[in-house]
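Here's the structure, in structure tokens; my notes come after.
Where a number appears in this text, it was derived from the coordinates with a stated rule and is not lab data. Remember, it's a predicted structure, so these values are computed and weren't measured experimentally. Here the Cβ is made from the backbone with ideal geometry for all residues, glycine too, and neighbour counts use every protein chain on show.
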Amino acid sequence: MKELFKRFKQTGILVIGDLMVDRYIWGKVRRISPEAPVPVVEVTSEDLLLGGAANVAHNILSLGGRVYVAGTVGTDYMGKILIDRFRESGIGTDGIVIDKDRPTTVKTRVIAHSQQVVRFDKEMKSDISPATLSLIVDYVKTCLPDIKGIIISDYSKGLITRALIKRILDLTDSKKIVSVDPKIGHFNFYNGVSLITPNVNEASFGAGIDIVDEKSLISAGKTLLKKLRCKAVILTRGDEGMSLFEKSGKVTHISTCAREVYDVSGAGDTVIAAITLSHSAGATLREAAIIGNHAAGVVVGKVGTAVATQEEILESMKACKQ
Ligand SMILES: Nc1ncnc2c1ncn2[C@@H]1O[C@H](COP(=O)(O)OP(=O)(O)OP(=O)(O)O)[C@@H](O)[C@H]1O
Ligand SMILES: [Mg+2]
């Protein structure tokens, strides 16, 4: 493990996807508004966190990998924040296209007394323009010599299109690991990628099989493998861990190692980051999936979209042998 982890810092991973800001507004409610029957939240603090594909990139960084990012932000304040956050973390921003026709995707949660009062989203879901697509593809070309793997983090906010994936697969020509965290509705974009990490809902939809028991789970995993012609399907199953389906026909179930669960949001981002980085650095798919499962177990034990470190993964491995 230690040898593998050492290789992470020379392992370049490009994250392409829908960048987001996860904004949390914390406060207290003491009265109902005189203007409408809604609570008045007295704001006490605000957090701005890297979300969506930006969280995947943050996870690669935290795991000790070398990360490159491609995506879009708007010409707005939150776009500046996102770029500043990347710079502060030491992540290059050359692949971030500032698109004047699209806002930066922001998900704002207002939380009072530990309860979400409302969430509001600012986003544009239509496909990126041909000009933006071509800037992204140019950036991919410049990165290619420095990277071993590409993560496509699809949140269905317009960046990931059939055309973009086709260009990526043509450029990589099966010489890089290309992994996808999929979204329902886009499964027919992903033909020919190396690996995919759907959750149960996404896998059911992608395979056209309702996953209700072990038998349907296995047939959904195998159907996706065949349909997408990929090397591996890693089906994430929430508190039941994950199941790895390999091209050889082998199926491996990995149970969860989380000891305490506080917040499951963002676990999928950690899974794709840890698995792609590990496999790109030379781990087998099975080893990579086990590392991904430990990393996810670490982040569900933290509040807010979180990341895991090598030390935390090693600790989790010691505490929970599989
Ligand atoms: N309640 C839980 N208890 C323990 N581990 C969990 C729990 N939820 C998620 N995990 C871990 O996180 C991994 C990914 O979770 P899940 O299957 O919910 O993915 P997801 O739906 O894509 O998540 P996301 O909300 O980030 O998109 C699981 O395979 C497991 O390792
Ligand atoms: Mg997910």
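The separation of segment 36-89 from segment 256-304, counted between C-alpha centres, amounts to 20 Å.
Annotation: segment 1-146 has a Kirkwood hydrodynamic radius of 17.1 angstrom, from the mean reciprocal C-alpha pair distance. With the convex hull drawn over the C-alpha atoms of segment 81-125, the volume per residue is 103 Å³. Using the Karplus relation 6.51 cos²θ - 1.76 cosθ + 1.60 with θ = phi - 60°, the per-residue 3J(HN,Hα) values for segment 282-294 come to x, 6, 5, 4, 5, 4, 4, 5, 5, 5, x, 5, 5 Hz, with x marking Gly and Pro. Given bins 20 angstrom wide, list per bin the percent of all Cα-Cα distances in the chain, short to long. Here the calculated profile for the chain is 33, 58, 10, 0.
Taken about its Cα centre, the chain carries a charge dipole of about 700 debye when Lys and Arg each add +1 at the Cβ and Asp and Glu each add -1 at the Cβ.
Relative contact order of segment 120-201, taken over Cα pairs closer than 8 Å and 6 or more residues apart, is 30 percent.
How would you rank D99, D269, going from fewest to most other Cβ atoms within 10 Å of each one's own Cβ? Please list the in-between numbers first.
Numbers: D99 22, D269 32.
Least to most surrounded, the residues fall as D99, D269.
Would you please classify the overall shape of segment 67-148 from the alpha carbon gyration tensor, given that a ≥ b ≥ c denote the square roots of the eigenvalues, rounded means a/c under 1.5, and beyond that prolate means a/b larger than b/c while oblate covers the rest? Taking the square roots of the gyration eigenvalues as a ≥ b ≥ c, segment 67-148 is prolate. Relative contact order for segment 1-73: 44 percent, from Cα pairs under 8 Å spaced at least 6 residues apart, divided by residue count. Across the chain, Cα pairs under 8 Å and at least six residues apart give a relative contact order of 17 percent. Measuring from each cysteine beta-carbon in the chain, the ones with no other cysteine beta-carbon under 4.7 angstrom are C143, C230.
Hydrodynamic analysis of segment 181-292 uses the Kirkwood radius over alpha carbon pairs. Inserted into Stokes-Einstein at 37 °C and 0.692 mPa s, it gives a translational diffusion coefficient of 236 µm²/s.
Pull up the DSSP beta bridges for the chain and report the antiparallel fraction as a percent, rounded to 5.
The antiparallel proportion sits near 50 percent.
Pair-distance distribution P(r) for segment 208-259, from all Cα-Cα distances in 5 Å bins starting at 0: 5, 21, 31, 24, 13, 4, 2, 0 percent. Remark: I160, I128, I151 ranked as I128, I160, I151, counting other beta-carbon atoms within 10 Å and listing the fewest first.
Kindly flag which residue pairs out of K183/K227; K176/K247; K125/K227; K2/K247; K6/K175 have an alpha-carbon separation exceeding 19 Å in this structure.
Correct reply: K125/K227; K2/K247; K6/K175.
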